[in-house]
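The values are calculated or read from the model by the stated rules, or taken from the named source; none is laboratory data. For clarity, every value in this text was computed on a predicted model and none was experimentally measured. Note that we place each Cβ from the backbone using ideal geometry, even for glycine, and neighbour counts take in every protein chain shown.
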Amino acid sequence: MELGIKSLPTEVVHRIAAGEVIDSLAAVVRELAENSLDAGATRVVVSLWPQQWRVRVADNGCGMDLTDLQQAAVAHSTSKIRSCEDLGKIASLGFRGEALHSIAQLAELEIVSRRVMLSEGWRVVFSPQGQPAQIETAAIAPGTVVTVANLFANWSSRRQGLPSPAQQMKAVQAMIWQIALCHPHVTWQVWQNDREWFTLSPGVTTHQLLPQILRQVRLSDLQEIKVEVMPHASIQAIIGLPDRCHRHRPDWVRVAVNGRMVKLPELEQTILKVTARTLPRDRYPICFLHLHVAPDQIDWNRHPAKAEIYLRQSSYWQEQITQTIEQALRISPANLPEAVHSERVGKLLKAAEAQGVYATSRSVQPASVGQEAVETEEDTPHPLIQLQAVAQVHNTYILAEHPSGLWLVEQHIAHERVLYEQLLDNWQLVPQEPPAILKSLSLAQQLQLQRLGIEVEPFGEQLWAVRTVPALLLHRDDGVEALLELSWGGDLQAAQVATACRTAIRNGTPLSLTEMQTLLDRWRSTRHPRTCPHGRPIYLSLEESALSRFFRRHWVIGKSHGI
Ligand code: ADP
Ligand code: MG
């Protein structure tokens, strides 16, 4: 702000996305709150009187001296950029110098401000042209209070085009949430009709903010990760652990760039793609990504409200995001989950799986370890957790010990996850002799099998021979059922899920310690170890810290007992 507020040269005005940005109460809140953040505020108080179309935003930012204050609502006047060259290095949220001017035209605008270090504050009321109409000294702490009243009073058509003021409060709340998530160090206090409406406490990072907004989400349901990519750029991701939380709409798949939530459909699609097959059907992840990139990588002038941007090197970012999310969802010592709530423990134990009925051909053979690409500690950049098989419970759960707790891993779905990722990486169709013979296939079923690359040929009256099958289904006793299942439809991924599920080791199958260890080793190195491709949680963790709390190990009962 040292620069002072100046009018922008005409050539700069021509290069910025012109347009009316003030179209609702939420837009007023956005513009004023962003000005507060640009002024370095750490505390922002928003007061709303929707029925009066009135908004006040007070901050503890740097404030303005009288010269700047008089200039603040003049068209295209800003302290944030000076020239066309500056458009390539925008580091502030505002830069067009339009907001206060537009607000002055559409409402009554009053600003009270005191520059830090100055002993005096000023109150200025602006004319609809953005000129100071009234000036007087004011007693105020350093910072700025902007009051906007009677918005659109002389623009009745605008008011008519909007939902009722009360309904607009939803949009206002969503707007404040968005801004707060991008600036977690700020305290927000929001009032409605002179009553406190909600507050957001600051956090070291966004991680602490999200549970204040999504009430049903706990801090421990979220994984946070920050990854430095190329020089001077980073990705910060807050992602809901797929075995703990998800939503019925993709409403929390969000991307922010340099302090502002934006729509970047390519990146949102990437998030959905990476997390597909880790969640139950028709459920969506909670994922908030904040990219910090060099200002010259962004063109903010795609949209008047800066809600859409052009981000250079989009495919580079898609790749980085994929890796970041996978890294966040792995089970590594760095991101060990806290113990799950005990009611969860009860629920999960009750849901003991029905015992399997298939005679299985074991595919978890210790001998196969050598052939599988099991990652070792040395060649992975993110060390995997040490897990040691201790016992099998009910022929269904593997009891595994790790340095700070113990886990119950459900053998069938852990194996299903392993096989599914293997199939994704390598969907192999192999010849089968003698062929499998299928009866009474409809035309749709034949076409579906062919779509999956499986060859089907007539073999007689209402009989078909299948001579190539997915490698995992080769010579299985239930091969015919498996092929029929695949013929009922679904895309290749669905077929891979079905195949993995069918061939994974059944619950009810006794396993030796070596077999269990092999399975654990393969499972922990999968890309998405927390859930199976249907979205079911794979393991239940009992962390040592929770166990010691439960058994009250901190009690000092008596020295004589030797404890
Ligand atoms: P822009 O934010 O694009 O610069 P605005 O019309 O929103 O344009 O604001 C004009 C100028 O007024 C800003 O550049 C800034 O110098 C000053 N200003 C606005 N709000 C505040 C505030 N809360 N604290 C300090 N300065 C402010
Ligand atoms: Mg602004």
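Scanning the stretch 91-116 for residues that are crowded, with 21+ Cβ neighbours inside 10 Å and among the small types (Gly, Ala, Ser) yields GLY97, ALA99, SER102, ALA104, ALA107, SER113. Within the stretch 499-514, being surrounded by 16 or more Cβ atoms within 10 Å (Cβ to Cβ), hydrophobic (A, V, I, L, M, F, W, C) and out of contact with any Phe, Trp or Tyr (no Cβ under 9 Å at 6 or more places or on another chain) holds for ILE505, LEU511.
Counted as qualifying within the stretch 1-119 are the helices (runs of 4 or more DSSP H) with 2 or more residues that are within 12 Å of ligand 2 (Cβ to nearest atom) and in contact (Cβ under 8 Å) with a residue 60 or more places away in the chain, namely 25-38, 99-106. For the stretch 278-312, filtering for residues that are on the phi > 0 side of the Ramachandran plot and in contact with a helix residue (DSSP H, G or I) (Cβ under 7 Å, 6 or more places away or on another chain) leaves 0. Candidates in the stretch 228-256 are the residues that are of a type in the set (A, V, I, L, M) and modelled with pLDDT under 95; of these, the one that is nearest to PRO285 (Cα to Cα) is LEU241.
The conditions of being in a helix (DSSP H, G or I), acidic (Asp, Glu) and within 30 Å of LEU408 (Cα to Cα) are met by GLU515. Residues in the stretch 478-493: is at least one closer than 30 Å to ILE385 by Cβ, in a helix (DSSP H, G or I), modelled with pLDDT under 90 and touching a Lys or Arg at 6+ places or on another chain (Cβ under 8 Å)? Yes; the residues of the stretch 478-493 include at least one that is closer than 30 Å to ILE385 by Cβ, in a helix (DSSP H, G or I), modelled with pLDDT under 90 and touching a Lys or Arg at 6+ places or on another chain (Cβ under 8 Å).
Conditions (1) more than 13 Å from ligand 1 (Cβ to nearest atom); (2) within 33 Å of the chain's Cα centre (by Cα); (3) not small (Gly, Ala, Ser), marked per residue:
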site: THR10; (1), (2), (3): yes, no, yes
site: GLU34; (1), (2), (3): no, yes, yes
site: TRP53; (1), (2), (3): yes, no, yes
site: VAL57; (1), (2), (3): no, yes, yes
site: GLN70; (1), (2), (3): no, no, yes
site: VAL74; (1), (2), (3): no, no, yes
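With respect to GLY63, determine if the residue is within 13 Å of ligand 1 (Cβ to nearest atom), under 17 Å from PRO142 (Cβ atoms), surrounded by fewer than 20 Cβ atoms within 10 Å (Cβ to Cβ) and not basic (Lys, Arg). Spelling it out, it is not the case that GLY63 is within 13 Å of ligand 1 (Cβ to nearest atom), under 17 Å from PRO142 (Cβ atoms), surrounded by fewer than 20 Cβ atoms within 10 Å (Cβ to Cβ) and not basic (Lys, Arg).
A quick yes/no check of all residues on (1) out of contact with any His (no Cβ under 9 Å at 6 or more places or on another chain); (2) at pLDDT 90 or above; (3) not assigned by TED's automatic domain parsing to the domain that holds ARG451:
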{"site": "CYS501", "(1), (2), (3)": "no, yes, no"}
{"site": "LEU513", "(1), (2), (3)": "yes, yes, no"}
{"site": "LEU519", "(1), (2), (3)": "no, yes, no"}
{"site": "TRP523", "(1), (2), (3)": "no, yes, no"}
{"site": "ARG530", "(1), (2), (3)": "yes, yes, no"}
{"site": "PRO537", "(1), (2), (3)": "yes, yes, no"}
{"site": "LEU547", "(1), (2), (3)": "yes, no, no"}
{"site": "PHE550", "(1), (2), (3)": "yes, no, no"}
{"site": "GLY558", "(1), (2), (3)": "yes, no, no"}
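For the stretch 394-437, filtering for residues that are outside any strand (DSSP E or B) and surrounded by 17 or more Cβ atoms within 10 Å (Cβ to Cβ) leaves 15. Whether any residue in the stretch 541-556 is under 30 Å from GLN448 (Cα atoms) and in a loop (DSSP other than H, G, I, E, B) is what I want to check. No, the stretch 541-556 contains no residue that is under 30 Å from GLN448 (Cα atoms) and in a loop (DSSP other than H, G, I, E, B).
Considering only the stretch 91-110, how many residues are in contact with a Phe, Trp or Tyr (Cβ under 6 Å, 6 or more places away or on another chain) and near ligand 1 (Cβ under 8 Å from one of its atoms)? Adding up the residues that qualify gives 0.
Can you find a residue that is farther than 28 Å from HIS528 by Cα and in contact (Cβ under 8 Å) with a residue 60 or more places away in the chain anywhere in the stretch 214-233? Yes: the stretch 214-233 contains one or more residues that are farther than 28 Å from HIS528 by Cα and in contact (Cβ under 8 Å) with a residue 60 or more places away in the chain. Quick check on the stretch 78-88. Is at least one of its residues closer than 26 Å to GLN173 by Cα and in the same structural domain as ALA107 (by TED's automatic domain parsing)? No, there is no match, as no residue in the stretch 78-88 is closer than 26 Å to GLN173 by Cα and in the same structural domain as ALA107 (by TED's automatic domain parsing).
For beta carbons closer than 6 Å, sequence separation of 6+ or different chains, a first residue in the stretch 247-269 that is assigned by TED's automatic domain parsing to the domain that holds GLN236 and a second that is aliphatic (A, V, I, L, M) and assigned to a helix (DSSP H, G or I), the qualifying pairs are VAL253/ILE271; VAL255/LEU267.
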